[in-house]
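The structure appears below as structure tokens.
The values are calculated or read from the model by the stated rules, or taken from the named source; none is laboratory data. Remember, it's a predicted structure, so these values are computed and weren't measured experimentally. Here the Cβ positions follow ideal geometry from the backbone for every residue, glycine too, while neighbour counts run over all protein chains shown. Note: accessible area is taken over every heavy atom of the protein model, side chains too, but ligands, DNA and RNA are not part of it. Shrake-Rupley method; radii C 1.70, N 1.55, O 1.52, S 1.80 Å.
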Amino acid sequence: MPEPAKKILVIDDEASMRELLGIMLRKEGYVVDLVASRAAAAAFLDRGPVQMVITDVKLPDGDGIEILRHVKAASPETTVVVMTAYGTTETAVAALKLGAQDYLVKPFDVDELKIVVRNALEKQRLEEENLLLKAEFRVQHGLDRIVGVSPRMRQVFELVRSVAGTASTILVQGESGTGKELVAKAVHALSPRRDAPFVSVNCAALPENLLESELFGHMKGAFTDAHQTKKGLFETAHRGTLMLDEVGEMAPAMQVKLLRALQERRVRRVGANDEVDVDVRVIAATNRPLEDMVRDRSFREDLYYRLNVIPILVPPLRDRAEDIPLLARHFLERFTGEMNKQVTRISDEAMARLVKYPWPGNVRELENVIERAVALETTPAIMAERLPDSFGLPRATGADTLPEFTDGFSLDRHLESIEAALLRRALEEAAGNRVTAARLLGITPRSLRYLIRKHGGPTP
């Protein structure tokens with residue numbers, strides 16, 4: 001549906017000037033009304049708002065400054081442009097201080113008029129769009145930290161609002177860096193459990209024996225380093241929410257224990273005889289394809305169905321490119337404040353490169369890129385030169401690197417060679433730091449260890 005034409009009110013006591021402006025603006029596609037006095041303008045504006053007022057500063061029954069005050073009091077969002085004769089620009093400057101967008105000095109040519117009107121209305125449109133976007137993505141009570149207005153993210157927001165009031169278990173799925181924990185926190189903040197603890201644990205970051213102690217607690221003396229009794233996270237999150245991040249990395253034996261805790265709503269500390277009742281809403285999250293893992297028997301089917309009561313899929317950033325400018329400006333505002341730097345915008349070229357980039361690391365990668373750019377930038381705008389070198393390259397299609405189909409070609413071997421090359425590159429760029437290398441590849445440390453073993457590298 002086309003956007004309705006902008007309405008412009010022209011106020012000038014010279015009939016020839018009014019008619020000239022009317023003709024030229026109508027040719028540009030605007031709806032134009034013409035009046036000759038302050039009183040007529042006030043009466044017209046009282047009937048309803050317009051997008052723009054163009055007024056002479058000298059009128060027979062007053063001046064444009066009075067019109068400006070009237071417009072800004074009744075309709076602050078209306079844009080005002082004043083016209084002034086040569087030698088009376090002081091009044092025009094005073095009008096700018098009171099909120100006028102721009103001024104024209106008579107006589108002016110048609111092109112100047114078109115440029116001033118177009119720029120003023122474009123600025124108005126951007127301000128209105130900014131207000132709308134803020135209203136949409138800064139939803140109160142839990143969703144205010146999630147930035148996005150794309151259809152995919154709106155679906156996520158609606159689902160979060162719908163399920164937050166229930167006690168059902170939720171499975172949040174999405175690639176690394178998409179914001180799964182923010183979604184989990186939003187569910188908690190909108191739920192009746194909001195005043196109780198939100199507790200999160202990364203299941204990939206702990207060995208199996210430590211994860212069991214972390215989740216269920218332990219008794220003093222239960223194992224070598226158990227110098228005192230400790231509550232587990234299920235007990236800590238009592239009447240609140242427990243987030244199990246990277247649940248797909250959980251070892252099979254731990255999957256059995258987690259399933260029992262979910263079914264029975266009771267936990268037993270390591271080394272204890274008695275069980276403890278827990279009232280916990282569990283939100284699991286993963287970047288792994290759990291359905292495929294169920295089929296290949298690396299993840300328990302009964303646990304999958306116990307977790308996947310309400311699935312929420314967080315889309316990758318490349319599938320919601322319209323959110324990239326919003327996110328980039330959001331991070332720009334945050335980091336300029338934290339670093340006390342006067343970087344107020346992102347240049348058009350830099351923004352174009354941000355939008356075109358495929359973002360394998362998703363929102364987390366964008367956050368890091370903007371933080372780096374703000375730290376390095378010495379001008380009021382982030383320039384394209386402050387972005388990593390890879391942002392200057394076109395998106396690779398791979399067409400020029402495809403192998404020839406010769407006798408003995410194997411797709412599996414070719415894919416494995418690519419996987420091994422990427423693994424070596426990540427480890428080199430991370431200077432051997434495996435946590436950093438895993439982040440570069442968008443996988444968990446446990447998956448990285450598996451790849452290193454698979455391709456013949458040493459593992460700790």
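I need the shape label for the stretch 13-117. Rule: rounded when a/c is under 1.5, else prolate if a/b > b/c, else oblate, with a, b, c from the alpha carbon gyration tensor.
rounded
Out of all Cα-Cα pairs in the stretch 118-251, roughly what percent, to the nearest whole number, are more than 27 Å apart?
37
Report the gain in length on full extension from Glu122 to Lys454: 0.36 nm times residue separation, minus Cα-Cα distance, nm rounded to one decimal.
Extending this stretch completely gives an extra 113.9 nm.
Hey, got the Cα dimensions of the stretch 184-327 along the principal axes, in Å, largest first?
The principal-axis extents, from largest down, are 55, 40, 27 Å.
Note the full-extension length gain between Glu371 and Ala85 as 0.36 nm times their separation in residues minus their Cα-Cα distance, in nm to one decimal.
Answer, rounded to one decimal: 98.1 nm.
When a/c is below 1.5 the answer is rounded, else prolate if a/b is larger than b/c, else oblate, so apply that to the stretch 83-127 with a ≥ b ≥ c taken from the square roots of the Cα gyration tensor eigenvalues.
oblate
In whole percent, and with a 1.4 Å probe on the protein chains, what portion of the accessible area of the stretch 277-398 is carbon and sulfur?
It is 49 percent, rounded to a whole number.
Taking the Cβ-Cβ separation of Arg26 and Asp319 as r and a Förster radius of 41 Å, what is the calculated FRET efficiency to the nearest 0.05?
About 0.45, to the nearest 0.05.
Taking each pair of distinct Cα atoms in the stretch 231-285 once, what is the resulting Kirkwood hydrodynamic radius in Å?
11.7
For the stretch 286-443, what's the relative contact order in percent, using C-alpha pairs closer than 8 Å and at least 6 residues apart?
18
For Ala39 and Asp407 in one chain, what is 0.36 nm times their gap in residues minus the Cα-Cα distance, to one decimal in nm?
Taking Ala39 through Asp407 to full extension adds about 123.6 nm, to one decimal.
How many percent of all Cα-Cα pairs in the chain sit more than 36 Å apart?
Taking all Cα-Cα pairs of the chain, the fraction more than 36 Å apart is 51 percent.
What is the stretch 314-357 by shape, rounded, prolate or oblate, if you read a ≥ b ≥ c off the alpha carbon gyration tensor as root eigenvalues and call it rounded for a/c under 1.5, prolate for a/b larger than b/c, and oblate otherwise?
Numbers: a/c = 3.48, a/b = 1.65, b/c = 2.11.
Oblate.
Which FRET efficiency value, to the nearest 0.05, do you get for Met293 and Glu264 by plugging their Cβ-Cβ distance into 1/(1 + (r/R0)^6) with R0 = 25 Å?
Taking R0 as 25 Å, the efficiency between Met293 and Glu264 is 0.55.
How many percent of the accessible area of the stretch 123-274 is carbon or sulfur, using a 1.4 Å probe?
49
Using the heavy atoms of the protein chains alone and a 1.4 angstrom probe, what is the accessible area of the chain per residue in square angstrom?
54
Excluding residues on the same chain fewer than 8 positions from Lys58, give the lysines whose Cα lies under 20 Å from its Cα.
Once the sequence-local lysines are set aside, what remains near Lys58 is Lys72, Lys97, Lys106.
Averaged over all directions, how much area does the convex hull of the C-alpha atoms of the stretch 142-202 cover when projected, in nm²? Intermediate values should be presented prior to the final figure.
On the way: hull surface 17.6 nm².
Value for the stretch 142-202: 4.4 nm².
For the stretch 304-398, I need the span (max minus min coordinate) of the C-alpha atoms along each principal axis, in Å, sorted largest to smallest.
Taking the Cα atoms of the stretch 304-398, the three principal extents are 53, 37, 18 Å.
Can you give the Rg/Rh ratio of the stretch 339-382, where Rg is from the C-alpha atoms and Rh is the Kirkwood radius?
Result for the stretch 339-382 is an Rg/Rh of 0.98.
Assigning unit charges at the beta carbon (Lys, Arg +1; Asp, Glu -1) and nothing else, what dipole magnitude in debye, to the nearest 20, does the chain show about its Cα centre?
On the way: 63 positive and 67 negative charges, 320 e Å.
Using only the charged Cβ atoms, the result is roughly 1540 debye.
Tell me the Kirkwood hydrodynamic radius of the stretch 199-262 in angstroms, computed as one over the mean inverse distance between distinct C-alpha pairs.
12.1
With +1 on each Lys and Arg Cβ and -1 on each Asp and Glu Cβ, how big is the dipole of the stretch 215-351 about its Cα centre, in debye rounded to the nearest 20? Don't jump to the answer; show the numbers that get you there.
Numbers: 22 positive and 22 negative charges, 105 e Å.
With only Lys, Arg, Asp and Glu charged at Cβ, the dipole is about 500 debye.
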